[in-house]
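So the structure is just underneath, and the comments pick up after that.
Just so you know, all these numbers are worked out from the coordinates, no wet-lab data involved. Here the structure is a predicted model, which means the values were calculated and not measured.
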């Protein structure tokens, strides 16, 4: 019984590792919170952002290639107005060690985040884009 459990655990780790390798090297991945990609690819900064007014959310991942950084976008619809949600996001990013540099936020290392908010008739579409440069 213990051998089967060890075998199953090793097999599961190998399969998850192979899947992670495959998805992290794919050119573009669209996923939601209900996907295993969410747990493997979405940064904790995006996962930990919570707001009661988020209606719908999705994520887009694009792998790095040469000098091109990893690009991860968090797109959601909000009931707040664009100025209010941008203020909330700026406060959240500042609280997590990001500082405003030009028109984007930087962690002082290899990550840069931009915020875009577009007013729709019923709500605001917000896009947080993280660029992660590989050093």
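Relative to the longest principal axis of the C-alpha atoms of the chain, give the angle of the C-alpha long axis of helix 82-95, reported between 0 and 90° and rounded to the nearest 10°.
Between helix and principal axis, roughly 50 degrees.
With everything on Cα atoms, drop me the angle between helix 2-25 and the longest principal axis of the chain, reported from 0 to 90° to the nearest 10.
The helix 2-25 is inclined about 40 degrees to the chain.
So what are the radius of gyration and Dmax for the Cα set of region 27-132, in Å?
When restricted to the Cα atoms of region 27-132, Rg and Dmax are 13.6, 40 Å.
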